[in-house]
Amino acid sequence: MDRIRLARIALGITVLLLAGCVPRQSTKTPQRDRLVSEIHKFKGAPYVYGGSTPRGTDCSGFTMTVFADFDTRLPHSASKQAKMGRPVRRSDLKMGDLVFFKTGGSKTINHVGIYLWDGKMAHASSSKGVIVIRWVDNVYYERRYAGARRIVDF
């Protein structure tokens with residue numbers, strides 16, 4: 001076989017293999033794309049207590065500012081955000097749901113992130129700034145999970 005034909009076959013196999021990596025439920029909608037874009041503006045922003053900008057933010061400032069782009073006002077408090085919207089079972093989490101945690105030995109909700117997909121969330125880590133992690137595999141967050149709320153239905 002000539003090199004061009006082999007290259008085409010290899011490309012076809014690669015496309016087929018990659019197609020199997022695509023989530024079954026499409027995550028593409030204009031609103032979801034906009035959410036990802038808003039989150040991306042914050043990626044790598046340092047943690048700043050009381051902050052709410054890509055130059056520095058805390059967890060609730062991050063969610064508050066991202067959701068403001070969707071005409072949704074959230075308080076600058078994880079525990080107050082946990083009382084908004086409607087509760088969501090863990091098995092029913094969808095992109096854009098807020099996920100809540102009780103961290104640092106707290107008995108009340110004091111941390112919030114934005115659920116993405118496949119157990120991942122974007123959040124403002126006090127040690128690493130705004131990052132995306134797979135929290136369901138993270139023992140620290142898994143043990144401190146306190147619930148989820150749907151504020152906007154993406």
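Compute the relative contact order of segment 54-119 as a whole-number percentage, counting only Cα pairs closer than 8 Å that sit 6 or more residues apart in sequence. Before the final figure, lay out each step's value.
Numbers: 77 pairs, mean separation 20.6, N = 66.
Value for segment 54-119: 31 percent.
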Charges at C-beta only: +1 for Lys and Arg, -1 for Asp and Glu. How large is the resulting dipole of segment 28-150 about its Cα centre, in Debye rounded to 20?
280
Taking just the alpha carbons, could you work out the radius of gyration and Dmax for segment 28-150, both in angstroms?
12.9, 39
Looking only at segment 72-89, which residues have a backbone nitrogen under 20 Å from a spot 7 Å from the Cα of Arg34 in the C-beta direction?
72-75, 85-86
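Once fully extended, how much extra length lies between Trp117 and Val136, figured as 0.36 nm per residue of separation less the alpha-carbon to alpha-carbon distance? Kindly include the intermediate steps, with their values, before the conclusion.
Values: separation 19, 0.36 × 19 = 6.84 nm, distance 1.08 nm.
Using 0.36 nm per residue and subtracting the Cα-Cα distance, I get 5.8 nm.
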To the nearest 0.05, the calculated FRET efficiency linking Asp153 and Ser126 through their beta-carbon distance, R0 being 25 Å, is 0.25
Along the charge dipole of segment 28-150, pointing to its positive end and built from +1/-1 on Cβ of Lys, Arg, Asp and Glu, which listed residue (Met95, Ser79, Ser125) has its Cα farthest out?
Ser79
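Bear in mind that the values in this text are calculations on the coordinates, not laboratory data. Treat the numbers as computed from the prediction; the structure is a model and nothing was measured. Note that each Cβ is placed from the backbone with ideal geometry, even for glycine, and that neighbours are counted across all protein chains shown.
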